[in-house]
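Below is one structure; the comments refer to it alone.
Derivation of every value follows stated rules applied to the coordinates shown; laboratory data play no part. Bear in mind that the values here come from a model prediction, so they are computed numbers and not experimental data. Glycine gets a Cβ as well: all are built from the backbone with ideal geometry, and neighbour counts include every protein chain shown.
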Amino acid sequence: MDFRGTDTPRVNWTGDCLVVGLFEDAIELTGDLAELDQTLSGTLQELINEFEFKGKAESTAVTRVGANSPIRKIAVVGLGKSDALTLETLRRATAAAVRLVKREKCKTVGISFPAWNNDPAQTVQAIAEGLELTLHNDHRFKSDDDKTFEIQQVELLGFPGQEDAINRARQISLGVILARELVSAPANIVTPITMAETAEAIAREYALELEILEQEDCEKLGMGAFLGVAKASELPPKFIHLTYRPQGTPRRKLAIVGKGLTFDSGGLNIKPTGSGIEMMKTDMGGAAATLGAAKAVGSLKPDVEVHFISAVTENMISGRAMHPGDILTASNGKTIEINNTDAEGRLTLADALVFAEKLGVDAIVDLATLTGACVIALGDDIAGLWSTSQAIATEFLEAAKQSGEKFWQMPMEEKYFDGLKSVVADMKNTGPRPGGAITASLFLKQFVKETPWVHLDIAGPVWADKDNGYNNAGGTGFAVRTLVNWVLT
Ligand code: BES
Ligand code: MN
Ligand code: ZN
């Protein structure tokens, strides 16, 4: 599919389907739209009338145009109120347009949307992201891969040039798509070994540095928490450390740390039927987003040094499994009483955070499908955010505003650490059920001494049960776009 911006006026465009974005408060056809309507013998006005089209965000209507017309079909997509226009409105409107033209089997498409905030670069980037992400359909595991129809060309009218914005959207989308496919693939396909191979492929493609710590290397570093989780698996654990270094002195140094459980059975505190155990292939969503961000950063080459880290393993059961009640020692010397083997993500992250801090970075962001409690608190679309530095938290939330991904800042309520007090060790790995996402954050905090740090719990948004805007059902690649924006800020 070819996507480009053009300066073709919409009255002159020819092709299969012209999609015009309309605001709720500007539904009348004036100026060149009145002219277009005339060229189409009144079809556009008729379409609006007959569908009772009001311009509500993401609503659509389409109709066939008379035989001698320069276009085959005309469509309208609602953009909501003009003063409420955001980049996310444009992404979602693009998704609605793409779904419509696919349904209508239109091969050449013209899109006419207004600019956001008089900013053509951001506008084009958002529309291109909406397009790329909606068009990505994951049919890898279907035997009847239906490729009968594909859109050939999309022209964005009124935005000539903008090759940089289009390329940025493309590279970021490729990162999101990598993360989606890693999350959607089951645990018999995506394993610690294949995660390490994916990191190798990224390192090769974009000339990033790659260090894979094997089990013995992790033992030498005293990563008892990570290795405690890995013990029962038949597969070797892999500690992945990818580094992007810019040419010259980096403006700053960052670390992104992702939870990488390629499967979470719960361990001996096994997840019962009905707990969603069959979805626990998604428990490497943090690591997937980390690799997706590495891919995008590797190709966009900002002036920032970024470390991409994940301690990858499975949480399984066997005669070698860690027992409930075991005491593990993490690489910073802290001891942990395992009162629940299903709170494994925080154990793997503990050693990964200690490792990240030793790199002397200016800030660390970790992201993890960490707790069901966070899904209860914020639902499927919103991730929780905790931070020890309001400056970095605000910076990150600002990057999220631009990407349209939703994060909600949650309290780092120190008092709740009481719930993690252990009789025998420095701490337990789980506290009481109330505030479970908060105690998980407080647990992680024990492994970051002084580096400004943000923790993201992405257990809800890592997966979509059904198509939603530009996210097709399946792994969402959530957080990749915000992470990349944040690195670029
Ligand atoms: N991977 C899960 C969290 C999870 C739950 C992710 C639902 C996505 C959807 C995590 O390892 C886990 O099992 N957490 C436990 C913690 C509890 C034992 C304190 C949970 O949330 O139940
Ligand atoms: Mn678990
Ligand atoms: Zn888990």
Arranged from highest to lowest average of other beta-carbon atoms within 10 Å per residue, in what order do the peptides 296-308, 45-57 appear? 296-308, 45-57
For peptides 134-145, 256-267, 454-465, sequence by mean Cβ density within 10 Å, most packed first: 256-267, 454-465, 134-145
Pull up all non-local amide H partners of ILE111: gap of 5 or more, or a different chain, and H-to-H distance under 5 Å with H placed in the peptide plane. VAL19, GLU155, LEU156, LEU157
Cα gyration tensor shape for region 353-489, rounded if a/c is under 1.5, else prolate or oblate: oblate
Computed over the chain, the convex hull of the Cα set has an average projected area, in nm², of 24.1 nm²
Out of all DSSP beta bridges in the chain, what portion is antiparallel? Express it as a percent rounded to 5. 40 percent
So if we plug the beta-carbon distance of ALA115 and ARG245 into 1/(1 + (r/R0)^6) with R0 = 35 Å, what FRET efficiency do we get, rounded to 0.05? 0.45
With a 10 Å radius around each residue's Cβ, average the other Cβ atoms per peptide and rank 445-451, 330-336, highest first. 330-336, 445-451
Sorted largest first, the Cα spans of region 2-160 on the principal axes come out in Å as 48, 38, 30
Identify all lysines with a Cα-Cα distance to LYS295 below 21 Å; exclude those on the same chain that are fewer than 8 residues away in sequence. LYS238, LYS253, LYS259
Result for the chain, cysteines with no Cys Cβ partner under 4.7 Å, is CYS218, CYS374
How high is the FRET efficiency between GLU58 and ARG252 when r is their beta carbon distance and R₀ equals 45 Å, given to the nearest 0.05? 0.75
Does anyone have the angle between helix 285-300 and the longest principal axis of the chain? Alpha-carbon axes, 0 to 90°, nearest 10? 60 degrees
